[in-house]
1. Which residues, counting only those in the stretch 89-125, are within 18 Å of Gly24 (Cβ to Cβ) and of a type in the set (Val, Ile, Thr)?
2. How do the pairs read when you match residues in the stretch 49-78 that are closer than 21 Å to Ile101 by Cα with residues anywhere that are surrounded by 15 or more Cβ atoms within 10 Å (Cβ to Cβ) and of a type in the set (Phe, Trp, Tyr), using Cβ under 6 Å and keeping only pairs 6 or more apart or on different chains?
3. Answer yes or no: is there a residue in the stretch 165-184 that is over 20 Å from Gly100 (Cβ atoms) and more than 19 Å from the chain's Cα centre (by Cα).
4. If you go through the stretch 153-166 one residue at a time, do you hit one that is part of a helix (DSSP H, G or I), farther than 30 Å from Asn39 by Cα and in contact with a helix residue (DSSP H, G or I) (Cβ under 8 Å, 6 or more places away or on another chain)?
5. Does the stretch 10-33 contain at least one residue that is free of Cβ contacts under 8 Å to residues at least 60 places away in the same chain, surrounded by fewer than 20 Cβ atoms within 10 Å (Cβ to Cβ) and part of a helix (DSSP H, G or I)?
6. If a residue counts only when it is surrounded by fewer than 21 Cβ atoms within 10 Å (Cβ to Cβ), which helices (runs of 4 or more DSSP H) contained entirely in the stretch 193-271 have at least 2 such residues?
7. Tally the residues that are among the aromatic types (Phe, Trp, Tyr) and buried (at least 19 other Cβ atoms within 10 Å of the Cβ), restricting the search to the stretch 103-148.
Amino acid sequence: MGWDATALPEARGRTVVVTGANAGVGYFTAEQLAGAGANVVLGCRDPERAEAAVSAIRRRVPRASVEALPLDVTDRRSIDAAADSLLARGGVDALVLNAGIVHPPRSRRTDAYGNELVLSTNVLGHFRLVARALPAVADGGRIVTLGSLASRLGRLRLEDLQLEHGYTSWRAYSGSKIAAQVFGFELDRRLRAAGSSVESIVVHPGYSTSGRTPGIRGVNQPSRLKRFADNLQAAWTQGKDDGAHVPVRAVLDPTLTGGDHLGPALWTKGAPVHAPATRSSRSPRQGARLWPLLEAASGQPFPLP
């Protein structure tokens, strides 16, 4: 039988952390998990937007258990503080790595540590967070990495990971999403090799747009023009609420295993199903080459064999 996003398994007693959960797919992932009974922690950079998201979930989900955790994935001090908070809490059943830049700057920018900004936001911050917070993830827990269909339309330039030569916004976005997927699959291989019961699953939400998403005050408020333009693409797009069905299944479906890859049934839209990932993303050789580059750029050794 297929996955029914309208009849989710009971998740009461489980704790799920979703990064970048104040808007977009991340918000709806958090809302749907709260609706299933999970205690959801929203890792967000902006306190006001985080509070708006928490308030929205509480309005829309009766008796929701939801809270905010300060987290800026481009700031190592913020990442480390969030990791320390999760370590003190313990018992995290799933960590959804959703935060990211979807619309990269036209010209190359860097974070405070000299890393290219899109790579820093979409990959490096999550790498550091997982490396430091992994002991907080419960036995049998899951780490869910959000990739993208863009991974099929670009390539990972390991020889120029930071795009110091030939930056374009598309190269930055597609390359970062390929790197995120490579990280997710390599993480699962290393978890298995270490004898860990924690699983790493990679997903992509298809082509999900704000103009086809329910309007929510403080969370998703597209203009009329945006609504009109996005609805012209209805044949191959979906709302971000529908895109969230994929990471939600990755968190809750007990039949999944580490190394699985999920996406919408019709590639850009549809029910969440097992989907083929690119050969490059799944390549153990690519993963082995990328791993030390991520350790160096994030300033964080990863404590796994």
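Computed from the coordinates by the stated procedures, all read-outs in this text should not be read as laboratory data. None of the values given here were measured: they were computed from a predicted structure. In this analysis, Cβ positions are derived from the backbone assuming ideal geometry, glycine residues included, and neighbour counts consider all displayed protein chains.
1. Within the stretch 89-125, Val96, Ile101, Val102, Val118, Thr121, Val123 meet the criteria.
2. That search, which allows pairs on different chains as well, returns Ala53/Tyr27.
3. Yes, the conditions are met somewhere in the stretch 165-184.
4. Scanning the stretch 153-166, I find at least one residue that is part of a helix (DSSP H, G or I), farther than 30 Å from Asn39 by Cα and in contact with a helix residue (DSSP H, G or I) (Cβ under 8 Å, 6 or more places away or on another chain), so the answer is yes.
5. Within the stretch 10-33, not a single residue is free of Cβ contacts under 8 Å to residues at least 60 places away in the same chain, surrounded by fewer than 20 Cβ atoms within 10 Å (Cβ to Cβ) and part of a helix (DSSP H, G or I).
6. Numbers: elements: 224-231, 240-243, 245-252.
Here the list reads 224-231.
7. Of the stretch 103-148, the ones among the aromatic types (Phe, Trp, Tyr) are 113, 127.
If we keep only those that are buried (at least 19 other Cβ atoms within 10 Å of the Cβ) as well, we get 127.
Looking only at that region, the number is 1.
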